[in-house]
Amino acid sequence: MLRKIVGHIKTVIKHKWLVFKLCCRAGIPWRGFMHDWSKFSPTEFWESVKYYTGKRSPIPLAKAENGYSKAWLHHKGRNKHHAEYWYDYETSQKTFIMPYVYAVEMICDNLAAGITYNGKKWTKSTQLEYWETKGYKKPIHPKMAAFEKEVYTQVSKDGIHKVIKKENLKKLYQEIVEENREKVT
């Protein structure tokens, strides 16, 4: 059990550090610093330790065994960088456009997760490949999906250091998400 606790803490810290570095490059250092502190809450921490393998997120393992994950339900309800936070079953418009800072934090989070869990196997096309097989299935506004996919496409061609920059991300968000944006009342 101690090995799982230490392993999980190391994984979370490595992930948080990578998100922080990417968020700094993206011009949102505070979001990078604040990223995923809820993973240390008892609800998220202990379930994640129980299903810790070090090779992938413990959330799918908890879902496979229990049909749900308390950690995920807790996490997505407290962290605005998850598209699921913005999903509302009770409205006619199910998905919403995420504010810029959370959309960029989401991208930094996904890239950092790919690097953390793939290790040396990670390539600049890893996130685009993941997006094309699994990521696009999440409940996300079509403009947000287009923004996310375009960033991963650019990363696959040019690499993280050329793409994850404040100027580039702001420009893409404005072109893809804000252009002709419908106002939500």
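Here are a few things to note about the model shown:
- Given the chain, longest segment not containing exposed loop GluC sites (Glu not before Pro) (DSSP; at most 14 other Cβ within 10 Å): 1-89
- The length gained by stretching the chain between LYS14 and LYS121 to full extension, at 0.36 nm per residue less their Cα-Cα distance, is 36.9 nm.
- Neighbour cut-off at most 11 other Cβ (10 Å), DSSP loop, trypsin sites (Lys or Arg not before Pro), the stretch 97-185: LYS134, ARG181, LYS183
- In the stretch 1-108, the trypsin sites (Lys or Arg not before Pro) that fall in loop regions by DSSP, at most 15 other Cβ within 10 Å: LYS55, ARG56, ARG78, LYS94
- Global geometry of the stretch 31-185, whether rounded, prolate or oblate, following the gyration tensor of its Cα atoms and the 1.5 cut on a/c: oblate
- Rounded FRET efficiency, nearest 0.05, which uses the C-beta distance separating LYS170 from SER38 and R0 of 41 Å: 0.90
- Heavy-atom accessible surface of the chain: percent carbon and sulfur, 1.4 Å: 57
- Accessible area per residue for the stretch 1-140 is 56 Å², calculated with a 1.4 Å probe on protein heavy atoms, without ligands, DNA or RNA.
- Normalised contact order of the chain, rounded percent, pairs of Cα under 8 Å and 6 or more residues apart: 22
- Cleavage-rule hits, chymotrypsin sites (Phe, Trp or Tyr not before Pro), the stretch 52-93, DSSP coil, Cβ neighbours within 10 Å at most 12: TYR68, TYR89
- Between LEU73 and VAL6, the simple label model (points 7 Å from Cα in the Cβ direction) yields a spacing of 3.3 nm.
- Stretch gain in nm, segment THR153-GLU129, where the contour uses 0.36 nm per residue and the Cα spacing is subtracted: 7.7 nm
- Axial C-alpha extent at least 20 Å, average Kyte-Doolittle at least -1.0 - helices from the chain (DSSP): 2-25, 100-118, 142-158
- Projected label distance in nm at GLU65 and ALA146, using a 7 Å step from Cα toward the beta-carbon: 4.2
- For the stretch 1-147, the dipole from Cβ point charges (+1 on Lys and Arg, -1 on Asp and Glu) about the Cα centre works out to 580 debye, to the nearest 20.
The values are calculated or read from the model by the stated rules, or taken from the named source; none is laboratory data. Please read these numbers as outputs of a predicted model, since none were measured by experiment. Cβ sites come from the backbone with ideal geometry, for glycine too, and all protein chains shown count toward neighbours. When the accessible area is computed, the model is the full protein with side chains, heavy atoms only, and any ligands, DNA or RNA have been set aside. Shrake-Rupley method; radii C 1.70, N 1.55, O 1.52, S 1.80 Å.
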